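Undergrad: This structure is in structure tokens; I'll ask about it shortly.
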Amino acid sequence: LRVELLAIKEGLSFCWNFGYKQVVCEADCIDAISAIERAIWERNLVHKHRDIINNIKDLVGKD
């Protein structure tokens with residue numbers, strides 16, 4: 001799961017750094033997608049990969 005989350009985070013970071021602001025992120029790991037979705041809705045997410053998930057959440061919320 002950690003590797004899947006890191007791949008999503010790095011992909012979003014790459015897109016952001018190259019100026020792509022609206023991207024579609026596809027993943028086949030339902031656990032990763034579920035964790036990210038929960039983090040968007042829950043303010044104080046408790047998860048062992050919370051640091052990566054919060055980084056993804058921050059990237060998704062950037063303007």
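Undergrad: When you scan region 8-41, how many residues do you find that are exposed (fewer than 15 other Cβ atoms within 10 Å of the Cβ) and either out of contact with any helix residue (DSSP H, G or I) (no Cβ under 7 Å at 6 or more places or on another chain) or among the aliphatic types (A, V, I, L, M) (or both)?
TA: Matching residues across region 8-41 total 20.
Undergrad: Could you please give the count of residues in region 42-62 that are farther than 15 Å from Leu12 by Cβ, surrounded by 14 or more Cβ atoms within 10 Å (Cβ to Cβ) and aliphatic (A, V, I, L, M)?
TA: Residues meeting the conditions: 1.
Any read-out appearing in this document is the output of simple, stated calculations on the displayed coordinates, not a laboratory observation. Just so we're clear, the structure is a prediction, and the values are computed from it rather than from any experiment. Cβ: placed from backbone, ideal geometry, glycine included. Neighbour counts: every protein chain shown.
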